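Colleague: Starting off with a structure, shown below.
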Amino acid sequence: MKPRGVLLAGNWKMNHGPKAAQDFFRALPYSKKPGATMRIYPSYLSLATALDSVSAAGRDIEIGAQNFHAEKSGAFTGEVSGPMLQEIGIHQVLLGHSERRQYFSETPAVILNKTVSALQQGFEVLLCIGETLDERKAGQTVEVLTHQLKSTLADPTCSAAFGTSLHLAYEPVWAIGTGVTATPAQAQATHASLRSLLTRSLGEISADAVQILYGGSVTPGNFGELLACPDIDGGLVGGASLKPESFGALWSLISS
Ligand code: PGA
């Protein structure tokens, strides 16, 4: 078993309304594995159904939100706040996904604000970072990731939460939804650089406790090799999390 345990997280993005969510959980092959956690991030609309489906089946699957608003309430049409999520039993949020950065103009400052607010409200945060293809080709991967994490590492709330309620997902933007995965060697090298960056900023004990998930075209065909890398603590999965068969197949690759 891996020292930090394994997290398999599915990001459904804008897929699966309540009916599809219920069907997914009914068909999902699941067995409890010591040291491994399964988590799904459905759309807001499917959160309550996902929670009900999981608890009705007595399964230990975590359910989290794909986003939230940093303010607790107010005149923010179309938004959902932390207290609303907690009212229905959600304590996990995914923040900083490249689609939020790209299509919803979430700047590093916005993401930091959300991260701090989520942590202060008691959420566990999975923070996504990743470089574009141009940045990788220009040899700037580590520099870009360092820049993306800089304000988070400098913030006292975040730095105290790393390894307990704040974890990372490294998702190269060029690998998301493209069918192109980072090779295990590329992913491991980047994860190891991230781990040393965390060690320099937080010290070894906290840095060693941070789960760093890999994301970007993870499938049952490549997950085993990725998971065998020492600094890869699990996967954040989009496309392959939508079908119970493929997500179940990913889960079955985690050794118990
Ligand atoms: P993908 O998405 O697995 O479909 O590439 C991953 C993600 O965006 O989290």
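Throughout, read-outs are computed from the coordinates displayed, never taken from laboratory work. Computed from a prediction, not measured in an experiment: that's the story for all the values here. A quick note on method: Cβ atoms are made from the backbone with ideal geometry, for glycine too, and the neighbour counts reach across all protein chains shown.
Colleague: Do you know which residues across the stretch 234-256 are part of a loop (DSSP other than H, G, I, E, B) and not aliphatic (A, V, I, L, M)?
Modeller: Within the stretch 234-256, Gly238, Lys243, Ser255, Ser256 qualify.
Colleague: Looking only at the stretch 121-132, count how many residues are more than 16 Å from the chain's Cα centre (by Cα), surrounded by 13 or more Cβ atoms within 10 Å (Cβ to Cβ) and farther than 14 Å from Thr190 by Cα.
Modeller: The number of residues fulfilling the criteria is 1.
Colleague: For the stretch 133-179, name all the residues that are crowded, with 17+ Cβ neighbours inside 10 Å and in contact (Cβ under 8 Å) with a residue 60 or more places away in the chain.
Modeller: Of everything in the stretch 133-179, those that are crowded, with 17+ Cβ neighbours inside 10 Å and in contact (Cβ under 8 Å) with a residue 60 or more places away in the chain turn out to be His167, Ala169, Glu171, Val173, Ile176.
Colleague: Within the stretch 78-109, how many residues turn out to be part of a helix (DSSP H, G or I), away from the ligand (no atom under 14 Å from the Cβ) and in contact (Cβ under 8 Å) with a residue 12 or more places away in the chain?
Modeller: Residues in the stretch 78-109 being part of a helix (DSSP H, G or I), away from the ligand (no atom under 14 Å from the Cβ) and in contact (Cβ under 8 Å) with a residue 12 or more places away in the chain: 7 in total.
Colleague: Could you say which residue among Leu153, Leu149, Leu145 is part of a helix (DSSP H, G or I), under 21 Å from Arg195 (Cβ atoms) and touching an Asp or Glu at 6+ places or on another chain (Cβ under 7 Å)?
Modeller: Among Leu153, Leu149, Leu145, only Leu145 is part of a helix (DSSP H, G or I), under 21 Å from Arg195 (Cβ atoms) and touching an Asp or Glu at 6+ places or on another chain (Cβ under 7 Å).
Colleague: Checking Gly89 against (1) surrounded by fewer than 20 Cβ atoms within 10 Å (Cβ to Cβ); (2) under 19 Å from the mean Cα position of the chain (by Cα); (3) more than 18 Å from Phe123 (Cβ to Cβ): exactly one of these is not met. Which one?
Modeller: Among (1) surrounded by fewer than 20 Cβ atoms within 10 Å (Cβ to Cβ); (2) under 19 Å from the mean Cα position of the chain (by Cα); (3) more than 18 Å from Phe123 (Cβ to Cβ), the lone unmet condition for Gly89 is (3).
Colleague: For the stretch 221-235, which positions are under 20 Å from Met1 (Cβ atoms) and not small (Gly, Ala, Ser)?
Modeller: Phe223, Glu225, Leu226, Leu227, Cys229, Pro230, Asp231, Ile232, Asp233
Colleague: Continuing with the same structure: For the stretch 95-116, check the following and say yes or no: at least one residue is hydroxyl-bearing (Ser, Thr, Tyr) and buried (at least 18 other Cβ atoms within 10 Å of the Cβ).
Modeller: Scanning the stretch 95-116 turns up at least one residue that is hydroxyl-bearing (Ser, Thr, Tyr) and buried (at least 18 other Cβ atoms within 10 Å of the Cβ).
Colleague: Something else: May I ask you to say which residue of Gly238, Gly234, Gly215 is on the phi > 0 side of the Ramachandran plot, surrounded by 19 or more Cβ atoms within 10 Å (Cβ to Cβ) and touching a residue at least 40 places away in the same chain (Cβ under 8 Å)?
Modeller: Gly234
Colleague: Quick check on my filter: what residues within the stretch 185-233 are within 12 Å of the ligand (Cβ to nearest atom) and part of a strand (DSSP E or B)?
Modeller: Selection gives Leu213, Tyr214, Gly215.
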